[in-house]
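**Q** Sharing a structure, written as structure tokens. Questions coming.
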Amino acid sequence: MVDIAVIPGDGIGKEIMPEVCNMLKNIDSSLNFYYYDISSERYKRTGKTVTDNEITELKGYKSILFGAIGSPDIKPGIMERNVILKLRRELDLYMNIRPAKSFNKISKNNINITIFRENMEDFYTEISGKVNENREFKKINSIYNYNIKIDGKSSDNIYYNLGILTEKNIKRFFKKAFSLIKNNNITVTDKANAIEMYNFWRKIAVEMAIKENKNIKFEYADALAYNLIIDPGKYESIIAPNLYGDILSDMLSGITGGLGYSPSGNIGDSTSMFEPVHGSAPDIAGKNIANPVASILSASMMLDYIGLNREANIINTSIDYILDKNIIPLESGGVYGTAAIINHIEKESICRLERQGYY
Ligand code: ATP
């Protein structure tokens, strides 16, 4: 038996994820799903985002499936910071994996690139503040394993956000990335020509690449963005700091098939969490029109990660097959709604597994 925590969340996450879990259960009855009502609805009712108890329980799972979070009647940032960023931090999910793959009949190009994005640091560390004009200033931030004091005086108002890279985290990040990357076409990106801390990022990248026996090449993030549009076929694996990784992976999602085809995994040493890249899309929620492929691909990433490689493979091949057969989601100009797409993928997967004598 494999226990998996599920956080359907809001909007299309709440609509799609339980259906995807039913599909997975029909494909492999050894999977058990445990649902957590971490959602905007609950926040509005009770004021709770994620409780300490939930964090403790979630830490006990090897994998978590996450739908989407966010509601138009809650101030932007509250659910994102108190749910997504909090889970990443508390569960120590230090790597974000974002595959971008072209599908026949959906994309015009032939892209198969995976971005490995650092998930905790860089400009996302919440070390930020304001220095008021002509005032003495002192601020101390203590988070994770560091304690940073900033003081000074300014003749203007200053807003700042510190970019931080810590050696232990960046080392484990590159080690994990190199252990997961099976090819030797690896590009490490940054802006070391403009931002000093990325020279440290490069130093660790080289050190860990030698240790893990990998060849890497470096490319500045601006040049890489340009080349990914001009000649995406020459890339396979990209390792990026948090901020550039975020931007580049959304860009690749846009040029492959769109949000409805983009899965992701947040990886840690003990727990990992898989989720579609899209948000809760309240404009289309509950109407059976959202594309469920991103959630299904996230689920198959999870199966692959926990060693159910055969099931993951079958689901991926079934997605390719139904799209080839012109079963196209509404999002991509087809006529098939959420439930129909899930149904077709489930049937095709079960058929393929039966043919292989799986059951
Ligand atoms: P967030 O800030 O949480 O990422 P957002 O509102 O900025 O949320 P999304 O919710 O991801 O962005 O979606 C933006 C738009 O893209 C939606 O309003 C919706 O129209 C479309 N969209 C997103 N996901 C899907 C999907 N799976 N199928 C069809 N359309 C989608």
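Bear in mind these aren't lab numbers, they're just calculated from the coordinates by the rules spelled out. This structure is a prediction, so every number in the text was calculated from the model and none was measured. Note that each Cβ is placed from the backbone with ideal geometry, even for glycine, and that neighbours are counted across all protein chains shown.
**Q** From the phi of every residue in region 168-184, what ³J(HN,Hα) in whole Hz does the Karplus formula 6.51 cos²θ - 1.76 cosθ + 1.60 yield, where θ is phi - 60° and glycine or proline is x?
**A** Working through the residues one at a time gives 4, 5, 5, 5, 5, 5, 5, 4, 5, 4, 5, 6, 8, 7, 9, 9, 10 Hz.
**Q** Between Asn157 and Val206, what is the FRET efficiency for a Förster distance of 41 Å, r being their Cβ-Cβ separation, to the nearest 0.05? Numbers along the way, then the final one.
**A** Details: r = 40 Å, r/R0 = 0.97.
Computed FRET efficiency for Asn157 and Val206 comes out at 0.55.
**Q** Please find the FRET efficiency linking Ser29 to Asp73, where r is the Cβ-Cβ separation and R0 is fixed at 45 Å, and quote it to the nearest 0.05. Could you put the intermediate results ahead of the total?
**A** On the way: r = 39 Å, r/R0 = 0.87.
Plugging the Cβ-Cβ distance into 1/(1 + (r/R0)^6) gives 0.70.
**Q** Follow-up. Which links in Lys48/Lys153; Lys14/Lys325; Lys48/Lys130; Lys75/Lys175; Lys25/Lys182 stretch past 31 Å when you go from one Cα to the other? Working shown, then result.
**A** On the way: Lys48/Lys153 39 Å; Lys14/Lys325 28 Å; Lys48/Lys130 29 Å; Lys75/Lys175 38 Å; Lys25/Lys182 29 Å.
The answer is Lys48/Lys153; Lys75/Lys175.
**Q** How long are the semi-axes of the equivalent ellipsoid of the chain, defined as square roots of 5 times the Cα gyration tensor eigenvalues? Whole Å, largest first.
**A** Numbers: eigenvalues 244, 128, 78 Å².
Over the Cα atoms of the chain, the semi-axes work out to 35, 25, 20 Å.
**Q** Please give me the summed charge of the neighbours of Ala68: other residues whose Cβ is under 9 Å from its Cβ, Lys and Arg +1, Asp and Glu -1.
**A** Numbers: positive: Lys14; negative: Asp10, Glu275.
Charge balance in the 9 Å sphere: -1.
**Q** OK, next. Taking the Cβ of Lys287 as the center, what net charge do the other residues with Cβ under 15 Å away carry, scoring Lys and Arg +1 and Asp and Glu -1? Can you show the working numbers first?
**A** Numbers: positive: Lys14; negative: Asp10, Glu15, Glu19, Asp283, Glu331.
Within the 15 Å Cβ shell, the charges total -4.
**Q** Averaged over every viewing direction, what's the projected area of the C-alpha convex hull for region 242-359? Give it in nm², one decimal, please.
**A** The directionally averaged projection comes out at 8.6 nm².
**Q** Name the most mobile residue of Asn266, Asn242, Asn110, meaning the one with the largest mean-square fluctuation, in a Gaussian network model of the chain with Cα contacts below 10 Å.
**A** Among Asn266, Asn242, Asn110, the largest GNM mean-square fluctuation belongs to Asn110.
**Q** Of the candidates Asp52, Asp269, Asp28, which one comes out as most mobile in a Gaussian network treatment of the chain with C-alpha springs shorter than 10 Å?
**A** Asp52
**Q** Compute the FRET efficiency between Lys48 and Met1 as 1/(1 + (r/R0)^6), taking r as their Cβ-Cβ distance and R0 = 35 Å, and round to the nearest 0.05.
**A** Details: r = 30 Å, r/R0 = 0.84.
Once the sixth-power term is evaluated, E becomes 0.75.
**Q** Mean residue ellipticity at 222 nm from the helices of the chain, using -39,500 (n - 2.57) per DSSP H segment of n ≥ 4 over the full residue count, to the nearest 500 deg cm²/dmol? Walk me through the numbers on the way to the answer.
**A** Details: 11 runs with 138 residues, N = 359.
Only helices count here, giving -12000 deg cm²/dmol.
**Q** All other residues with a Cβ under 12 Å from the Cβ of Ile111 taken together, and with Lys, Arg as +1 and Asp, Glu as -1, what is their net charge?
**A** Working: positive: Lys101, Lys108, Lys234; negative: Asp231, Glu236.
Charge balance in the 12 Å sphere: +1.
**Q** Hey, another quick one. Expressed in nm to one decimal, what extension gain is obtained for the pair Asp231 and Leu180 from 0.36 nm per residue of sequence separation less their Cα-Cα distance?
**A** That pair, Asp231 and Leu180, stretches by 15.9 nm at full extension.
**Q** Then there is this: Under a 5 Å amide H to amide H cut-off, with H placed in plane at 1.01 Å, what residues pair with Phe218 once short-range neighbours are removed?
**A** Val188
**Q** Next up: Evaluate the Debye formula for region 64-119 with equal point scatterers sitting on the alpha carbons, no solvent, and hand back log10 of I(q)/I(0) at q = 0.21, 0.24, 0.26 Å⁻¹, in q order, two decimals.
**A** Listed by q, the Debye log ratios stand at -0.89, -0.95, -1.01.
**Q** Let me ask something else about it. Sort the following peptides by mean Cβ neighbour count (other Cβ atoms within 10 Å, averaged over residues), highest first: 157-167, 29-39.
**A** Put in order of decreasing packing, that is 29-39, 157-167.
**Q** Further, regarding this structure: Restricting to bridges with both residues inside the chain, how much of the DSSP beta-bridge set is antiparallel, in percent to the nearest 5?
**A** Numbers: 28 of 54 bridges.
DSSP beta bridges in the chain are roughly 50 percent antiparallel.
**Q** GNM on the chain, C-alpha springs below 10 Å: top fluctuator among Ser107, Ser295, Ser349?
**A** So, out of Ser107, Ser295, Ser349, the one fluctuating most is Ser107.
**Q** Percent relative contact order of region 51-207, based on C-alpha pairs within less than 8 angstrom and at least six residues apart? If you can, show how the numbers build up before the last one.
**A** Numbers: 161 pairs, mean separation 23.4, N = 157.
Computed value for region 51-207: 15 percent relative contact order.
**Q** Moving to a separate point now. Name the long-range amide H neighbours of Val6: under 5 Å, sequence gap of 5 or more, or other chain; modelled H, no Pro or chain starts.
**A** The answer is Tyr34, Tyr35, Tyr36, Leu65.
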